[in-house]
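What follows is one structure encoded as structure tokens, with my remarks underneath.
The values are calculated or read from the model by the stated rules, or taken from the named source; none is laboratory data. On a predicted model such as this, the values are computed, not experimentally measured, just so you know. Heads up, the Cβs are rebuilt from the backbone with ideal geometry, glycines too, and the neighbour counts pull from every protein chain shown.
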Amino acid sequence: MAEIRIQNLRKEFGDFVAVQSSSFTIEDGEFFMLLGPSGCGKTTTLRMIAGLELPTSGEIYIDREEVSQRPASHRDIAFVFQMFALYPHMNVRKNISYPLVSQRMPRDQIRRKVAEVAGILGIEDILDSPVSGLSGGDRQRVALGRAIVRDPKCFLMDEPLGALDAEFRERMSEELRSLHDRMGATTVYVTHDQLEAMQMGDKIVVMNQGVVEQFGTPQDIYDKPATMFVADFIGSPSMNFLRFHGSVEAGATTVAFHQQTMDIPASHETIAGDLVYGVRPEQIRLSDASSYRAEVVATEYLGTTQIVTLKTFEGAVKARIPSGQAAKVGTSVGLEFNGSTVTLFDRSSGRAIRSALNQGVVSHG
Amino acid sequence: MADVVLQDVTKSFGATRATDGLTMEIADGAFVVLLGPTGAGKTTTLRLISGLERPDSGDIRIDGRSVVGETPAQRDVAMVFQQYSLYPHMSVRQNLAFPLRSPILKTPEDEIERKVREVAEVLQITAKLDNKATALSGGEMQRVSIGRALVRDPAIYLMDEPLSSLDAKLRAELRIELKRIHASLGATLLYVTHDQIEAMTMATSVGVLDAGRLVQFGTPREIYEEPVSLYVAGRLGLPRINVLPAGLFAGAPAGAKSIGLRPEHIGHGEGKPATVDRVEQLGDQARLHLSLDGHQIVTLTDLHTDLKQGDTVRIQPRSALYFDASGDRIR
């Protein structure tokens, strides 16, 4: 298995820059997510790692070896696509053995290898069935088996669960993750689904318009977003943005807007202008004691919690509160924000202002 | 608006019973969401009410009047499908006005204009009224197709997964929008979905279907907190309810075969030792995947937990639901 290092990777298609200048490292054995909206460059990045696209500039190291200009067949990786293509005229065993047969591996060795892979995937009993009659889940497992059987240096997966329905998708994602835990193989996984990325990934790269916006563990990205894009893209409902015009001094632990003093983690920068007070829905409490008033616009029951949509002077705000707590549409309530979890943003650039909270995670030139 | 009553409605397709003696009452002004897996009979129920299918037996009444013999047009229902189908050669305005131009309705022109404007405002597409329908984004097209139902004033709106083709952000917006429309128009709505968040957040009542039968009907809170069976308990809640053998923990009542434990109803620190298989940090919650005597359990824990794979946690039920051998709830 392998470590993959991406350095200043760039890809242009004519005038269009698909990937601008990506740098990140995927450590040996990691389950690594490339996350972003469609058109952000995540699939192009994956295809460059695979060798299906050649970068315009930059380097790709697999196990310290520079491979960026090498053809796919010389990189020893396995690719799992969204639409799993199996050979329809072959049975399961033949489909899984195919990569080994084409490598001219001895027969008994192939048999052993296929049996081992079938054991890992729990598909021993369908090895001799034709693939045409299989359920979606089993087809997916066979496609995975064909990738695993070669013992590649890493697995590359392009939205492998994208075509499945929600219930089945949840099961398959757990299965994929536990398969990874058993095999410990470096896996790079492309998705546009932030929940899937948070659930499965050891690390996440968030991309937008060809640029790496942030790179880190799921919890760090959620708690300490580096940009407004990341804060908005991760989490459901996403982070609330209270827009205001004001200033903050280095060392300050409050900001002022709308005649209110709001707590923030100690700022490490001095900045004035159009700012944004970013707070996650679960860090807001309804409290009659608070003088920051808001009107309840809608409530959404979600079992143990509910989402309350509120109208404030700084725009719409969503709070996640216990479902037992009363919140009546049309009434006025006070809001309390857990200041120690707040991220301030500079509205013009969209970047997070450095603070005691995000120190070490967010860095700017 | 009107109430709709289904009484003992059965509809078979070949050997499959899509609805099997289905009895349900949708009160005037209710927002009823039908929940159930693929094949439970949700869409068939909508199609029976709209008149796109005829029942083999049973009665369907809209506003007290039996409509089984009526055509879809006579029934005065408005249907929104999963796949928006707009007239591509018409503008948004023409698409919205189209249902009102039906020869049956004979709506005056100024009335049409007023209605279209009103609905466009509700759905926030006023600026796009003169665009061609094809020059819209997917979300806008779906809003127009919902709008085409809203311009009319039917006895009931029937909606078949209208939001499922939209992305997550827009879905969240339209959920609130539909709820607001329902409240402000006092409309009666029957809504089919796979998405439990839509069911929980929008419905005044949820109807849970199993193999063509209505197995429970109640508010989202009743369905979540007081499910009548294991089947119903599994329909709502994310992560899903844990189903374990009743004997795993002490205190099961007589006759109990399984215990249903919602992830938030598991106490930590006391009870049986379980092994941590995996910790998932999802930002607003942290999920623990545990194994206990060979059973997989998912529970919630502190956001910034120090637990890691291989650790041991003691767990015990805090508020358990018990079910008998046939899956029925024991109270």
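Couple of notes before you dig in:
- Residue in the stretch B:211-233 that is aromatic (Phe, Trp, Tyr), farther than 30 Å from B:Asp153 by Cβ and more than 10 Å from chain A (Cβ to nearest Cβ) present: yes
- Some residue of the stretch B:235-255 being within 12 Å of chain A (Cβ to nearest Cβ), out of contact with any Leu (no Cβ under 7 Å at 6 or more places or on another chain) and over 30 Å from A:Asp202 (Cβ atoms): yes
- Counting only strands (runs of 3 or more DSSP E) that sit wholly inside the stretch B:163-226, those with at least 1 residues that are in contact with a Ser or Thr (Cβ under 9 Å, 6 or more places away or on another chain) and closer than 22 Å to B:Ala78 by Cα are B:189-192, B:205-210.
- Just so you know, in the stretch A:216-248 the residues that are small (Gly, Ala, Ser) and under 25 Å from A:Glu300 (Cα atoms) include one that is modelled with the lowest pLDDT, and it is A:Ser236.
- A Cβ distance below 7 Å, combined with a sequence gap of six or more or placement on separate chains, defines the contacts here; from the stretch B:163-177, residues that are buried (at least 18 other Cβ atoms within 10 Å of the Cβ) reach residues that are among the β-branched types (Val, Ile, Thr) and in a helix (DSSP H, G or I) in the pairs B:Arg175/B:Thr201.
- Just so you know, in the stretch A:134-174 the residues that are assigned to a helix (DSSP H, G or I), surrounded by fewer than 17 Cβ atoms within 10 Å (Cβ to Cβ) and not aliphatic (A, V, I, L, M) include one that is nearest to the other protein chains (Cβ to nearest Cβ), and it is A:Glu167.
- Test for B:Ala149: is it in contact (Cβ under 8 Å) with a residue 60 or more places away in the chain and surrounded by fewer than 17 Cβ atoms within 10 Å (Cβ to Cβ): no
- Looking only at the stretch B:253-286, residues that are of a type in the set (D, E, K, R), under 22 Å from A:Gln194 (Cβ atoms) and assigned to a strand (DSSP E or B) come to 2 in all.
- Leading residue by the ranking (modelled with the highest pLDDT) among those in the stretch B:123-151 that are in a loop (DSSP other than H, G, I, E, B) and within 19 Å of B:His182 (Cβ to Cβ): B:Val151
- Scan of the stretch A:136-154 for residues that are among the hydrophobic types (A, V, I, L, M, F, W, C) and more than 15 Å from A:Phe81 (Cα to Cα), ordered by number: A:Val149
- Residues located in the stretch B:126-139, provided they are in contact (Cβ under 8 Å) with a residue 24 or more places away in the chain and surrounded by fewer than 20 Cβ atoms within 10 Å (Cβ to Cβ): B:Leu129, B:Asp130, B:Asn131, B:Lys132, B:Thr134, B:Leu136, B:Gly138, B:Gly139
- None of A:Thr299, A:Thr305, A:Thr309 is free of Cβ contacts under 8 Å to residues at least 24 places away in the same chain, among the β-branched types (Val, Ile, Thr), buried (at least 17 other Cβ atoms within 10 Å of the Cβ) and closer than 28 Å to B:Val232 by Cβ except A:Thr305.
- Check on A:Arg320, in contact with a helix residue (DSSP H, G or I) (Cβ under 7 Å, 6 or more places away or on another chain), in a strand (DSSP E or B) and among the basic types (Lys, Arg): yes
- You will find that of A:Pro218, A:Pro281, the residue that is in contact with a Pro (Cβ under 7 Å, 6 or more places away or on another chain) and either among the charged types (D, E, K, R) or closer than 26 Å to B:Pro263 by Cβ (or both) is A:Pro281 and no other.
- When A:Glu116 is tested against (1) surrounded by fewer than 17 Cβ atoms within 10 Å (Cβ to Cβ); (2) not in a helix (DSSP H, G or I), exactly one condition is not met: (2).
- When restricted to residues that are touching a residue at least 12 places away in the same chain (Cβ under 8 Å) and part of a loop (DSSP other than H, G, I, E, B), the stretch B:227-252 contains 12.
- Cross-chain or 6+ apart pairs with Cβ under 6 Å, the stretch B:85-108 first and in contact (Cβ under 8 Å) with a residue 40 or more places away in the chain, then assigned to a loop (DSSP other than H, G, I, E, B) and of a type in the set (Ser, Thr, Tyr): B:Asn95/B:Tyr87; B:Leu100/B:Thr107
- Residues in the stretch A:333-365 that are among the basic types (Lys, Arg) and not in a strand (DSSP E or B): A:Arg347, A:Arg354.
- Of the criteria (1) surrounded by fewer than 18 Cβ atoms within 10 Å (Cβ to Cβ); (2) over 18 Å from B:Gly21 (Cα atoms), which one B:Val92 fails: (1)
- Residue that is nearest to B:Met202 (Cα to Cα) [pool: residues in the stretch A:281-296 that are surrounded by fewer than 19 Cβ atoms within 10 Å (Cβ to Cβ) and of a type in the set (Ser, Thr, Tyr)]: A:Ser287
- Segments classed as strands (runs of 3 or more DSSP E), wholly inside the stretch A:223-292, with at least 1 members that are among the aliphatic types (A, V, I, L, M), within 14 Å of chain B (Cβ to nearest Cβ) and within 31 Å of the chain's Cα centre (by Cα): A:271-279, A:284-286
- Residues that are more than 17 Å from A:Thr186 (Cα to Cα) and of a type outside the set (D, E, K, R) within the stretch A:47-71 comprise A:Leu52, A:Leu54, A:Pro55, A:Thr56, A:Ser57, A:Gly58, A:Ser68, A:Gln69, A:Pro71, listed in sequence order.
- Residue match in the stretch B:241-254 (condition: polar (S, T, N, Q), in contact with a Phe, Trp or Tyr (Cβ under 6 Å, 6 or more places away or on another chain) and crowded, with 16+ Cβ neighbours inside 10 Å): no
- Test: A:Gly201 is more than 11 Å from every other protein chain (Cβ to nearest Cβ) and either on the phi < 0 side of the Ramachandran plot or surrounded by fewer than 17 Cβ atoms within 10 Å (Cβ to Cβ) (or both): no
- Residue within the stretch B:57-69 that is under 19 Å from B:Leu170 (Cα atoms) and either part of a helix (DSSP H, G or I) or not polar (S, T, N, Q) (or both) present: no
- Every residue from the stretch A:296-314 that is more than 14 Å from every other protein chain (Cβ to nearest Cβ) and either closer than 30 Å to B:His265 by Cα or part of a strand (DSSP E or B) (or both): A:Thr312
- Filter result for B:Ala203 (out of contact with any Asp or Glu (no Cβ under 6 Å at 6 or more places or on another chain) and more than 10 Å from every other protein chain (Cβ to nearest Cβ)): no
- Any chance A:Gln325 is in a loop (DSSP other than H, G, I, E, B), surrounded by fewer than 19 Cβ atoms within 10 Å (Cβ to Cβ), within 26 Å of the chain's Cα centre (by Cα) and at pLDDT below 95: no
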